[in-house]
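S.K.: First the structure, which I've put down as structure tokens, then a few questions once you've had a look.
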Amino acid sequence: MSTASPAKAPSAAPSVIAAERRQRVNETLSDIRQLLAGRELSRELLADISARLERLAQARELFGSADFPPPAGGQGESTRYRLNPEDGDDDIALYLNSINPGKTSVPHNHTTWAVIVAISGDELNRIYQRTDDGSDAEHATLALSHEQVVRPGAPIAFLPDDLHSIHVTGNTPTLHFHLYGQPLETLSGRIGIEPDTGRIINYNKSKMTRSVAAGG
């Protein structure tokens, strides 16, 4: 006597997932705005923000590759999705970054605070200290302070002047939240430092690619 296999529960419709994602993102950003209100910027504050963003990262079903596909261009390519484009240029900005293995960056700052939380994939971050006095606007010297791998459960956060570079290895793309005090597109004063020469460049003009507004 044969027995019927149990029916699989139907997966949620894309419109339902999109609506849930919008709600969860909005709730998360609202909570983070409350954390920011009335507090001085500090590493302790960024740790609290990281913990709240980690809760959103647990909802992996809302941030699948169907809606946030990895870059099609191959090794070293990246795609940055803006998750709250409706908040414009005068608010905190949440992105979802998908980066193919092979991607690296020159050491750079953000000129605003930043929190990075992983949904999947590993990204090696190298954190630097400037060893010059900052008097030369075209040249800097750096020393490696430490390294940290950002992966699920292991976030990283930066104050505005912190300098880091990224290095994506392994075999699978990353999918990481990047949250900034202002949208990256508005941060025209960011610098990058070429590691071989110490030459200072304008990071946004030289290195930054355009963000994609996430649908739904």
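S.K.: Taking 0.36 nm per residue of separation and subtracting the Cα-Cα distance, what length does fully extending residue 31 through residue 171 add?
M.R.: Stretched fully, the residue 31-residue 171 segment lengthens by 46.9 nm.
S.K.: Let me ask something else about it. Where both residues lie in the chain, what percent of DSSP beta bridges are antiparallel, nearest 5?
M.R.: Percentage antiparallel, nearest 5: 95.
S.K.: Another question, then. Can you give me the Kirkwood hydrodynamic radius for the chain, using every pair of distinct Cα atoms, in Å to one decimal?
M.R.: Its Kirkwood hydrodynamic radius stands at 18.5 Å.
S.K.: I need the GluC sites (Glu not before Pro) found in segment 16-53, filtered to DSSP loop residues with at most 11 other beta carbons within 10 Å of theirs.
M.R.: Sparse-neighbourhood loop GluC sites (Glu not before Pro): 40.
S.K.: Still on this model: Give me a comma-separated list of calculated 3J(HN,Hα) values for segment 121-130, in order, Karplus coefficients 6.51, -1.76, 1.60 applied at θ = phi - 60°, integers in Hz, x for any Gly or Pro.
M.R.: Listing the rounded values in order: x, 10, 9, 6, 10, 10, 10, 10, 10, 6 Hz.
S.K.: Using a 1.4 Å probe on the protein heavy atoms, what percent of the accessible area of segment 116-216 belongs to carbon and sulfur?
M.R.: Summing carbon and sulfur atoms, their accessible area is 47 percent of the total for segment 116-216.
S.K.: Determine, for each peptide in 49-57, 92-100, the mean count of other beta carbons within 10 angstrom over its residues, then list the peptides with the highest first.
M.R.: Going from most to least packed, we get 92-100, 49-57.
S.K.: Then there is this: Is segment 147-216 rounded, prolate or oblate when judged by the Cα gyration tensor, a ≥ b ≥ c being the square roots of its eigenvalues, rounded requiring a/c under 1.5 and prolate requiring a/b larger than b/c?
M.R.: It is oblate, given that a/c is not under 1.5 and a/b is not larger than b/c.
S.K.: If you don't mind, another one. Under the Karplus relation 6.51 cos²θ - 1.76 cosθ + 1.60, θ = phi - 60°, what is the ordered set of whole-Hz ³J(HN,Hα) values for segment 82-90, x standing for Gly and Pro?
M.R.: Ordered by residue, 3J(HN,Hα) equals 7, 8, 10, x, 5, 7, x, 9, 10 Hz.
S.K.: Sticking with this one: Sort 128-139, 193-204, 112-123 for me by packing, meaning the mean count of neighbouring Cβ atoms within 10 Å per residue, highest on top.
M.R.: The packing order, highest mean first, is 112-123, 193-204, 128-139.
S.K.: Give the average over all directions of the projected area of the C-alpha convex hull of segment 96-216, one decimal, in nm².
M.R.: Result: 7.8 nm².
The values are calculated or read from the model by the stated rules, or taken from the named source; none is laboratory data. Everything quoted here is computed from the prediction, not taken from an experiment. Every residue, glycine as well, gets a Cβ built from its backbone with ideal geometry; the counts of neighbours run over all protein chains shown. For accessibility, only protein heavy atoms count, side chains too; no ligands or nucleic acids. Shrake-Rupley method; radii C 1.70, N 1.55, O 1.52, S 1.80 Å.
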